[in-house]
Amino acid sequence: MSSSLPFTVGIEEEYHLIDVETRGLAVSPPAALFQNCKAALGTCVGHEFKASQIEIGTPVCDTIAEAREQISNMRRTIADIGAEHGIQPLAAATHPFAKWRETETSEGERYQEIDQDLQDVVRRLLISGMHVHVGLGEDDELRMDLMNQVTYFLPHMLALSTSSPFWQSFDTGMMSYRLSVFTELPRTGLPNRFDTFVDYQRHVDVLVQAGVLQDATKIWWDIRPSDRFPTLEMRICDVCTDVDDTAAIAALFVCLLRMLTRLKETNQRWRQYNNMLVRENRWRAQRYGIDESLIDFGKGALVPFTDLVDELIDLVREDAEELGCSAEIRHLRTIVDRGTSAHMQRQVYYDALQAGKAPDLALIEVVDKLLETTQKPSEIG
């Protein structure tokens, strides 16, 4: 294995800010909340597109365990500071009953420009995701090569992260409704395939020179070469309610990149399939999560997700051991056995209905469970 590749990791998460009295969104949270969070967490915390959201990002971490501890600490810190204002962070890709037309866009210049440019398409963006950055040194060509190959696995990671079954008080029938909302934006979805990083940059430059984009940060693909850092940034996932799920999916992404790099060093590579096929698995992950099969393109057959996760664990076993994240990789099986946040939310909701609760009160119980799980300590390690 090339020792020159750091395989460092950084994780970004977006949270909804909840009014603990109503369990609805804190539509206009006090400036003091953000000021106090910044005082405690520095540049690791900031605003998101909606004023009722907050974003955190870890520093560069050498291990998944370090990143997991950073995320856990930031969740606790925001919760402790938020409690002073009657506000708590909620880690789920959608709020179960909030109405997007009743929310506000953050005041930052970038957010206001996007609001005016994209209008109601972006004003619906009341969603929260998880982004994982993996540092690969300064080799831009490697970033592009690995992006082309690892795209195959994006639906698998989405399925493991699903946390958005509800939208504006309704069960959407989807496991990740967030992706339905996000895909309405331009420059989203699976990335195009580029032969070289220079080829990618040339296409970006056309849009920048035409005045359509300021820079590549407004390319919002499911995975992209970061324009700010020397990383490959995976963006397809819903934010996970359980911090151990976050760590497990981040570990899978890092290990997959290491596995693909191992193949490259022996002049091998993962077979690349047309995005038409990968897009079908993306849809199945968005709709069914881990409950149904994904397509094994080599076999030309549907394979149960339970079998696929076992294959993934075996595929990256060597890499997980080398990177010290075997426990996180084993947790992937825990996700499949007990379900994702989307399963938990539906269970709470329909149990409450069965107990005679009205739908609006059942959704409040969902919010309560999400708040509790968001702050649950890590059980790994």
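Where a number appears in this text, it was derived from the coordinates with a stated rule and is not lab data. Remember, it's a predicted structure, so these values are computed and weren't measured experimentally. A quick note on method: Cβ atoms are made from the backbone with ideal geometry, for glycine too, and the neighbour counts reach across all protein chains shown.
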Legend entry - Projected label distance in nm at LEU315 and ASP80, using a 7 Å step from Cα toward the beta-carbon: 4.0
Legend entry - segment 16-100: GluC sites (Glu not before Pro) in DSSP coil with no more than 12 other Cβ atoms inside 10 Å: GLU21, GLU84
Legend entry - On Cα atoms only, tilt of 109-118 relative to the major axis of the chain in degrees: 80
Legend entry - Karplus-derived 3J(HN,Hα), 6.51/-1.76/1.60, for each residue of segment 178-193, Hz, glycine and proline x: 3, 5, 5, 5, 5, 5, 5, 6, x, 6, 10, x, 5, x, 5, 9
Legend entry - Within segment 259-303, GluC sites (Glu not before Pro) in DSSP loop having at most 14 other beta-carbon neighbours inside 10 Å: GLU292
Inset, instruction - Identify the residues of segment 260-290 with backbone N under 13 Å of a label point that sits 7 angstrom from the Cα of GLU322 along the Cα-to-Cβ direction, or state none. - result: 260-267
Inset, instruction - Return the single residue from THR241, THR22, THR334 with maximal mean-square fluctuation; model: Gaussian network over the chain, springs between Cα atoms under 10 Å. - result: THR22
Inset, instruction - Mind ranking 243-251, 216-224 by how tightly packed they are, going by the mean number of other C-beta atoms within 10 angstrom, highest first? - result: 243-251, 216-224
Inset, instruction - With 10 Å bins from zero, work out the P(r) of the chain over every alpha carbon pair and list the percent per bin. - result: 5, 24, 35, 26, 9, 1, 0
Legend entry - Estimated FRET transfer efficiency when R0 is 35 angstrom, pair ASP351-LEU207 (beta carbons, to 0.05): 0.10
Legend entry - Between helix 31-41 and the chain: long-axis angle, C-alpha atoms, 0 to 90°, nearest 10: 40
Inset, instruction - On a 0 to 90° scale, report how tilted helix 305-315 is relative to the longest principal axis of the chain, with both axes built from alpha carbons and the result rounded to the nearest 10. - result: 50
Legend entry - Charged-residue dipole, Cβ positions (Lys, Arg, Asp, Glu), segment 197-270 about Cα centre, Debye nearest 20: 360
